[in-house]
Amino acid sequence: MDGQKQMNAEDEYTARLAVHRDKLHACLYSLYGRHADFENWFAQLLRQAGHRHAQRSAALRALDARRQAAPDWFAHERMLGYCAYVDRFAGDLQGLAQRIDYLRELGVRHLHLLPFLKMRAQDNDGGFAVSSFEAVEPSLGSMADLEALTAALREADISLCADFVLNHVADDHPWAQAARSGDAQHRAFFHLFDDQAQCAQYERHLNQVFPHSAPGNFTYVTALGAWVWTTFYPYQWDLNYANPQVFAAMADALLQLANRGIEVFRLDSAPFLWKRLGSSCQNLPEVHVLLKALRGLIELVAPGCLLLAEAIVPSQELPPYFGAGDECHLAYHSSLMAAGWAALAQERSDILREVMASTPTLPMPASWLCYVRCHDDIGWQVLANDYRRMGSGSHELHAVSAFYNGRDPRSYAQGAAFQSDDPKAAHGSNGMSASLLGFERARDAQDTELALRRLLLLYGLAFSFGGLPVIYMGDELAQTNDSADSAQARAAADGRWLQRPVLDSTRLAQRHDAQQPSGRSYQALRELIQLRAALPELAANAPRQLLRSQEPALLAFERDASLRVLANFSSRPLPLSSLRAELNMPASDWHLLWRAQAAASDEALLPWEMLWMQRR
């Protein structure tokens with residue numbers, strides 16, 4: 001029987017190879033065809049891919065088959081994501097397995113666990129400095145624990161998403177250690193420069209990711225006797241993708257993780273993969289060739305897996321990351337996220353309307369990943385072009401940044417600024433959703449009620465826009481900024497730790513208590529999640545159309561001609577009767593489907609309130 005299974009696997013791989021080989025060859029030839037041994041290298045790449053496919057379990061191959069039969073499986077209205085750190089959510093991988101019932105209760109179908117692979121022993125950028133792609137961070141568990149977790153999640157119909165850090169490895173990764181010891185093959189895995197003047201030539205055109213804590217893009221390493229390219233932190237060495245051996249090694253690492261049961265790969269730092277003198281070394285055409293080649297290998301070995309582009313750029317610049325449906329399956333809609341926060345701060349919806357109107361149409365069955373908060377800061381510069389098209393200046397972004405960074409005395413937000421290398425630019429903002437929305441500064445029940453409406457407003461937007469919405473850990477419980485002493489010490493070096501608290505066990509226990517803010521938040525979001533799951537109008541591929549209104553605070557849009565969303569982004573009530581008349585929504589044709597119960601009013605769309613209306 002095992003021989004028959006192996007034969008079936010071989011036939012499966014051979015059939016897929018016939019479909020994908022030529023395109024994969026063309027992609028990689030365009031990058032590496034100048035190498036004299038290209039054909040031998042390519043043949044070895046395919047042999048290695050075939051070996052990984054042969055190792056793929058029967059359960060994972062069955063999953064592949066089901067998803068190939070329904071390629072839009074991730075774009076339906078029942079999909080809901082949740083994002084968390086393993087240790088801060090459940091202690092370790094085994095503890096996380098014990099919280100699967102909680103995720104199911106909430107309605108989660110996609111779980112993004114932030115970095116859990118073995119990480120640099122000292123500073124490690126929150127785990128994004130990977131020391132090994134073949135081991136789990138020991139404090140979190142083992143590879144056996146990971147495989148047990150992925151099997152349990154699969155049984156619960158939850159897909160595990162993991163970060164796959166493409167651009168760099170930690171300086172204690174075996175490749176870096178071999179390079180440091182003088183191994184020529186592994187020195188070629190990195191960008192090394194003998195002369196600092198060469199670095200300076202590149203630096204003239206490069207941006208800085210962490211200008212305060214890690215200025216510059218190059219670090220001198222004495223053991224190497226050279227400058228190494230370090231886009232992020234000095235201990236994260238950029239990989240040299242002009243070397244075909246780097247691509248082969250990274251692709252194989254990804255396929256091995258797919259065989260462990262990881263179903264979605266968040267391709268961290270994807271825009272930085274290719275370097276060219278005289279450019280910003282971001283979003284270059286070769287990046288997309290590399291991602292297409294990775295997609296081709298996924299289609300060969302593990303077609304049930306998805307690729308998620310971590311490209312935090314304006315939405316108009318994202319279509320290349322989807323290609324013609326042959327690159328990434330998902331990408332973050334960071335413009336929509338930032339615009340939602342900006343609309344709250346400015347109490348008007350024009351920036352949201354601009355972002356929605358300019359959102360590109362995606363190839364099927366690709367989808368947006370919609371979110372409210374994440375482990376990183378809110379980067380306001382992603383909206384610069386949108387404000388420019390509206391005829392607004394940089395002062396708009398400065399005002400929004402100040403609102404959330406504690407510089408506006410009228411603000412309800414308890415947030416903090418993130419570093420910037422440009423004094424004229426709007427600083428990014430750190431903070432948990434609940435703190436930025438007013439829960440932390442609430443003085444009474446009315447303030448808490450308004451903060452809850454704002455939370456439901458932003459998540460209601462993510463749930464109704466069309467995509468895969470993701471809840472950031474703790475938001476469902478209205479958890480506020482991490483105020484622990486250890487977090488404050490971490491935040492002094494990296495302010496993003498403000499929004500990385502340990503899940504509050506007290507709030508978790510109160511989630512069914514409607515008298516507590518955590519309970520009210522949890523129950524309201526869960527109600528909204530359950531309603532969304534029953535509305536095919538909210539599937540990612542259902543049509544979306546903005547509705548015109550003269551009311552500056554109103555965002556109104558339609559999904560599939562049968563469901564309408566009305567959202568008030570201001571602190572003043574809007575008369576429902578006049579809105580219904582303006583939008584041609586007579587009560588005889590449209591009925592109320594959802595609103596926050598505590599805010600119910602037949603006469604007004606209350607401050608910060610959202611309604612879902614359905615055609616009768």
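The values are calculated or read from the model by the stated rules, or taken from the named source; none is laboratory data. In this text, all values refer to a predicted model and were calculated from it rather than measured experimentally. In this analysis, Cβ positions are derived from the backbone assuming ideal geometry, glycine residues included, and neighbour counts consider all displayed protein chains.
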> If you check residue 56 against the conditions, is it surrounded by 17 or more Cβ atoms within 10 Å (Cβ to Cβ) and in contact with an Asp or Glu (Cβ under 7 Å, 6 or more places away or on another chain)?
Replying inline: no
>> Tell me the residue from 524, 492, 542 that is over 25 Å from residue 454 (Cβ atoms) and part of a helix (DSSP H, G or I), please.
In response: 492
>> For the stretch 309-346, give me each residue that is at pLDDT below 95, part of a helix (DSSP H, G or I) and within 13 Å of residue 369 (Cα to Cα).
In response: 315
> Scanning for something surrounded by fewer than 19 Cβ atoms within 10 Å (Cβ to Cβ), touching a residue at least 40 places away in the same chain (Cβ under 8 Å) and in contact with an Asp or Glu (Cβ under 7 Å, 6 or more places away or on another chain), does the stretch 82-103 turn up at least one residue?
Replying inline: yes
> Of the conditions (1) out of contact with any His (no Cβ under 6 Å at 6 or more places or on another chain); (2) of a type in the set (Gly, Ala, Ser); (3) free of Cβ contacts under 8 Å to residues at least 40 places away in the same chain, residue 401 fails just one. Which one is it?
Replying inline: (1)
> How many residues are over 18 Å from the mean Cα position of the chain (by Cα) and small (Gly, Ala, Ser) if we restrict to the stretch 70-94?
Replying inline: 3
> Quick one: in the stretch 154-204, which of the residues that are surrounded by 13 or more Cβ atoms within 10 Å (Cβ to Cβ) and of a type in the set (D, E, K, R) is farthest from the chain's Cα centre (by Cα)?
Replying inline: 183
